[in-house]
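See structure below.
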Amino acid sequence: MTVPFLTAGLPVPHGFFTREGGVSTGRFASLNCSLSGRDDSDAVRTNRARAADALALPPAALVGLTQVHGIAVAELREPWPETARPEADALVTDRPGLLLGIVTGDCAPVLFADEAAGVVGAAHAGWRGAAAGVLEATVDAMERLGARRGRIAAAIGPCIGQASYEVGPDLRDAVLARNPADARFFAPGRREDRWWFDLPGYCLARLQAAGIAAAAWCGRDTLAEEDRFFSHRRSTLAGGGPIGHQLSAIALPGRC
């Protein structure tokens, strides 16, 4: 079965996977790649193996995190056990053949590459992590492995778009506490105390300010495209319940 995914022009193996092409059923249908949800664990492992195969890598090459909406970055030297995933929201490596995986359900997955240095990274950027600096922390961690920010390219994958993301004053206040100029990422909402937040635009601006060579968003809104993507906000608006998560992954070519 074909496992659909999007690419973003990065010069190394990578993919932003959709929810299609897996074996999970019900609310998790079908390519749910999260190891932390309520889906059948064997189905998730099959889905993750299919995603790795789509990038011509073995299942054991795919390594993930216990994501906590923070700014910690893990450096990957060799695969860690599935049961010992570190609590972090980004990971970097200079080792060929390791597939760095991030799972999302509206937050922004961001993939990074400095092909000349042989360093890649992947980050999970919800609004909390983005505001706190997870993207800049990922760039810093890549530099420690020999990358140069002036050569790093980054791609923001499918995430909730501004037209789908109405937020309250707590989120807006937290973002503006760092930089009042970031009010440009908020448009008036349907009520006086609500705003539409441009998460991908905010992430893009943070990446550009970090001085990397290139950054772009794929333009896909996870909430708006129900057939293609899981969405936490869509589930919440429908009354809640467990959902699946799509995978974004990147690797250096070769074997570890």
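Data overview
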quantity: Residue list for segment 1-30, filter: in a loop (DSSP other than H, G, I, E, B) and over 21 Å from residue 219 (Cα atoms); calculated: 1, 2, 21, 22, 23, 24, 25, 29, 30
quantity: Among (1) in contact with a helix residue (DSSP H, G or I) (Cβ under 7 Å, 6 or more places away or on another chain); (2) closer than 21 Å to residue 217 by Cα; (3) not β-branched (Val, Ile, Thr) - the single one residue 178 does not satisfy; calculated: (2)
quantity: Which listed residue, of 163, 174, 137, is within 17 Å of residue 69 (Cα to Cα), in contact (Cβ under 8 Å) with a residue 40 or more places away in the chain and more than 15 Å from the chain's Cα centre (by Cα); calculated: 174
quantity: Hey, residue 216 part of a helix (DSSP H, G or I), of a type in the set (A, V, I, L, M) and touching a residue at least 12 places away in the same chain (Cβ under 8 Å) or not; calculated: no
quantity: Residues of segment 221-245 classified as closer than 30 Å to residue 150 by Cα and in contact with a Leu (Cβ under 7 Å, 6 or more places away or on another chain), total; calculated: 0
quantity: Tally of residues being outside any strand (DSSP E or B), crowded, with 19+ Cβ neighbours inside 10 Å and charged (D, E, K, R) across segment 102-135; calculated: 1
quantity: Test: residue in segment 212-232 that is more than 25 Å from residue 47 (Cβ to Cβ), surrounded by fewer than 17 Cβ atoms within 10 Å (Cβ to Cβ) and under 15 Å from the mean Cα position of the chain (by Cα); calculated: yes
quantity: Contacts under 9 angstrom Cβ, first residue in segment 84-101 being in a strand (DSSP E or B), partner among the aromatic types (Phe, Trp, Tyr), 6 or more apart; calculated: 90/112; 92/112
quantity: Any hit, segment 56-73, residues being touching a Lys or Arg at 6+ places or on another chain (Cβ under 7 Å) and under 18 Å from residue 96 (Cβ atoms); calculated: yes
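The numbers here are math on the coordinates, done by the rules we state, and not lab data. Bear in mind the structure is a predicted one, so any value in this text is a computation, not a measurement. All Cβ positions, even for glycine, are placed from backbone atoms using ideal geometry, and neighbour counts span all protein chains on display.
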